[in-house]
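Participant: Have a look at this one.
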Amino acid sequence: MLNIAYIGNGKSTNRYHVPFALKNGRFNIKTIFSRHNDSPWPKLAKVTYTNNLDDIFNDQELGLVVVTTPSAFHYDYAKKCLEHNKNVLVEKPFTQTVAQAQELFDLAKQKGLFIQAYQNRRFDSDFLTVQKVIESNKLGQLIEVENNYDYFRPEVPANQQSLTWENSFLYTHACHTVDQIISYFGKPHKVSYDVRQILGKGRMNDLFDLDFYYDNPLKVSIKSSYFRLTKRPSFALYGTKGSFIKVTEDKQEQDLKHFYLPSPDHPDFGLDKPEDYGILTYMDADNHYHQEKITTVSGDYSRFYEGIYQSLVNHRPKLVSDEQTLAQIEILAKGYSLLQ
């Protein structure tokens with residue numbers, strides 16, 4: 001068992017981390033820090049709650065510290081953890097700039113410590129199913145991939161009166177999707193940016209459309225909007241022999257929002273129903289037409305915690321390499337620089 005501590009006691013810790021660290025079964029949550037003692041989340045049994053960071057920094061029994069604060073504080077807290085000789089897991093977005101990320105990686109290497117971004121969305125069910133379909137080779141040569149992450153929440157940008165990197169749609173949502181694409185397809189040769197502020201200059205970034213270009217003919221489009229009353233498919237794949245359309249997103253977040261947590265009492269946590277399955281349409285080698293539903297591959301964010309355990313205990317390579325994190329932040333920062 002690895003003892004872990006969380007810096008932050010909000011939605012990120014309690015919704016997107018704790019349930020999966022506990023499900024994994026290899027971690028003991030020892031300490032949770034927050035600056036204030038007014039968290040609405042129920043306290044966990046046998047966990048020390050503190051507003052004194054020294055309770056974490058001076059604890060020699062901790063094998064990992066997880067930074068789940070608002071994004072603006074990720075770099076500062078991660079650096080402090082490394083300076084106190086702690087292994088660190090940092091919520092996404094990892095940092096604002098490539099320089100900050102590189103500094104953290106260099107410091108960790110100098111001290112022989114572990115630091116990594118928490119890219120749990122690599123274990124989204126829709127993304128895992130897309131990989132299954134691509135690797136079936138039924139699409140032929142892959143030509144286009146569309147990855148959409150849409151909402152109809154116009155009140156969100158309406159309530160943001162200024163532009164900040166930590167509240168931009170790029171850093172809050174492309175941090176998921178850009179990482180997914182880089183993790184599977186690699187760093188693109190070229191990126192085309194369409195990054196907008198629908199409500200005007202100086203307002204929140206509320207839409208983006210990024211095109212990633214790989215070896216001809218593959219192009220991957222990553223799109224998100226706060227103004228889509230009718231969502232686009234979560235994923236759409238097009239190849240020389242067929243297509244795959246997955247309309248619905250991974251269900252883990254939806255269940256978490258309803259406090260339906262992963263447990264033996266909830267064996268259907270995060271699972272798609274048959275009506276949610278994606279549709280594969282293709283021509284076979286004899287030029288016969290086929291259309292079939294593809295059973296969704298189960299997503300499971302606890303697999304990310306298993307990867308962390310394997311890296312820390314058995315010295316396996318990190319799930320998210322430093323190079324992948326740097327490539328992602330380079331893309332996010334470039335897109336953000338185009339805003340006014």
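The values are calculated or read from the model by the stated rules, or taken from the named source; none is laboratory data. Given the structure is predicted, the values throughout are model-derived calculations rather than measurements. Because the Cβ atoms are built from the backbone with ideal geometry, glycine has one as well, and the counts that use them run over all protein chains shown.
Participant: Looking only at strands (runs of 3 or more DSSP E) that lie completely in segment 36-154, which have at least 3 residues being within 24 Å of the chain's Cα centre (by Cα)?
Facilitator: The qualifying strands (runs of 3 or more DSSP E) are 62-67, 88-91, 115-118, 142-150.
Participant: Here's a check for you: in segment 23-35, which residue that is assigned to a loop (DSSP other than H, G, I, E, B) and either acidic (Asp, Glu) or out of contact with any Phe, Trp or Tyr (no Cβ under 6 Å at 6 or more places or on another chain) (or both) is farthest from Gln252 (Cα to Cα)?
Facilitator: Going through the qualifying residues, I end up with Arg35.
Participant: For segment 287-296, indicate whether the set of residues that are among the basic types (Lys, Arg) and closer than 19 Å to Asp126 by Cα is non-empty.
Facilitator: yes
Participant: Conditions first: (1) in contact with a His (Cβ under 9 Å, 6 or more places away or on another chain); (2) surrounded by 21 or more Cβ atoms within 10 Å (Cβ to Cβ); (3) among the acidic types (Asp, Glu). Asp255 passes all but one, so which condition is the exception?
Facilitator: (2)
Participant: Moving on to the next point. Which of the residues belonging to segment 155-176 are surrounded by 20 or more Cβ atoms within 10 Å (Cβ to Cβ) and either free of Cβ contacts under 8 Å to residues at least 12 places away in the same chain or part of a loop (DSSP other than H, G, I, E, B) (or both)?
Facilitator: The one that is surrounded by 20 or more Cβ atoms within 10 Å (Cβ to Cβ) and either free of Cβ contacts under 8 Å to residues at least 12 places away in the same chain or part of a loop (DSSP other than H, G, I, E, B) (or both): Ser168.
Participant: Quick one: in segment 177-199, which of the residues that are closer than 25 Å to Asn159 by Cβ and part of a loop (DSSP other than H, G, I, E, B) is nearest to the chain's Cα centre (by Cα)?
Facilitator: The residue in question is Gln197.
Residue-wise test of (1) in contact with a helix residue (DSSP H, G or I) (Cβ under 6 Å, 6 or more places away or on another chain); (2) assigned to a loop (DSSP other than H, G, I, E, B); (3) not assigned by TED's automatic domain parsing to the domain that holds His176.
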{"position": "Gly270", "(1), (2), (3)": "yes, yes, no"}
{"position": "Tyr282", "(1), (2), (3)": "no, no, no"}
{"position": "Asp286", "(1), (2), (3)": "no, yes, no"}
{"position": "Gln291", "(1), (2), (3)": "no, no, no"}
{"position": "Arg303", "(1), (2), (3)": "yes, no, yes"}
{"position": "Gly307", "(1), (2), (3)": "no, no, yes"}
{"position": "Val313", "(1), (2), (3)": "no, no, yes"}
{"position": "Arg316", "(1), (2), (3)": "yes, yes, yes"}
{"position": "Glu323", "(1), (2), (3)": "no, no, yes"}
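Participant: Could I ask something else about it? Within segment 95-123, which residues are small (Gly, Ala, Ser) and buried (at least 19 other Cβ atoms within 10 Å of the Cβ)?
Facilitator: Within segment 95-123, Ala101, Ala108, Ala117 qualify.
Participant: Quickly run through segment 72-81 and pick out the residues that are within 19 Å of Asp55 (Cβ to Cβ) and surrounded by fewer than 23 Cβ atoms within 10 Å (Cβ to Cβ).
Facilitator: Correct list: Phe73, Asp76, Tyr77, Lys79, Lys80.
Participant: Criterion first (assigned to a helix (DSSP H, G or I), aromatic (Phe, Trp, Tyr) and under 22 Å from Tyr301 (Cα atoms)) does Phe20 satisfy it?
Facilitator: yes
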